[in-house]
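Since every read-out is calculated from the coordinates, none of them should be taken as a lab result. Source: prediction; values computed, not measured. Cβ atoms come from the backbone with ideal geometry, glycine included; neighbour counts cover every protein chain shown.
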Amino acid sequence: EDQVTQSPEALRLQEGESSSLNCSYTVSGLRGLFWYRQDPGKGPEFLFTLYSAGEEKEKERLKATLTKKESFLHITAPKPEDSATYLCAVRGNQFYFGTGTSLTVIP
Amino acid sequence: DTAVSQTPKYLVTQMGNDKSIKCEQNLGHDTMYWYKQDSKKFLKIMFSYNNKELIINETVPNRFSPKSPDKAHLNLHINSLELGDSAVYFCASSSTETQYFGPGTRLLVL
């Protein structure tokens, strides 16, 4: 059965303290792995798409990587405005989302 | 110029009523989707639709039906609303595999 598991559920970081979020997945025929950011009361905002193991994408303080079983979202020197829920999704026959990691960055 | 828009933003209604949520995208995308996000923030796909194919998640009750008057619109009709239908409903669209989401419609069934 296709599924996505994200860890940790919640993460509190001091401003400037780098860390990584994990997304483990099992899917038949991966057609893409996606990272989204969701702020309270808003829709998910697209961050990255990764298609194959070894691929990496970067945007400002965020870097996403992909292996055959998991993806990491690395956050370098986070700022308070990076606080949000980060969602991972995979595309197999359908789209499957994880339950997200709620990130809080403390000034 | 919002890319994916939904109306209404909030919807409060009584059990047993029928309601609709509208979605419009101005991205020129071929495929549109409806998702339900529960209280634990879990996003679950309900439908995906392009002008050729409607794919329904088999777990979605048949009280829910998507209607697409044209390529830029996908509305969600819900009949005989139940308490468990309370959630946030998101519309999304895509041209490739990457989806772009609307702001959500918060449905509360009393």
Notebook entry, point to check: Arranged by the count of other C-beta atoms within 10 angstrom, fewest first, what order do B:ILE45, B:ILE56 take?
Noted result: B:ILE56, B:ILE45
Notebook entry, point to check: Hey, got the dipole for chain A? About the Cα centre, +1 on K and R Cβ, -1 on D and E Cβ, debye to the nearest 20?
Noted result: 200 debye
Next item on the list: Given a cut-off of 24 Å, name the pairs among B:LYS22/B:LYS71; B:LYS9/B:LYS36; A:LYS59/B:LYS71 whose C-alpha atoms lie farther apart than that in the structure shown.
Entry: A:LYS59/B:LYS71
Margin query: Test of understanding: ordering A:HIS74, B:HIS29 by Cβ neighbours within 10 Å, fewest first, what list do you get?
Written below: A:HIS74, B:HIS29
Notebook entry, point to check: Which order do B:THR105, A:THR67 fall in if you start with the one that has the fewest other Cβ atoms within 10 Å?
Noted result: A:THR67, B:THR105
Notebook entry, point to check: How large is the dipole of the protein assembly as shown about the Cα centre if only Lys and Arg carry +1 and Asp and Glu carry -1, each at its Cβ, rounded to the nearest 20 debye?
Noted result: 220 debye
Notebook entry, point to check: Tell me, what HN-Hα J-couplings in whole Hz come from the Karplus equation 6.51 cos²θ - 1.76 cosθ + 1.60 at θ = phi - 60° for each residue of the range A:19-35, using x for Gly and Pro?
Noted result: 6, 9, 9, 10, 9, 9, 9, 10, 8, 8, x, 5, 10, x, 10, 10, 10
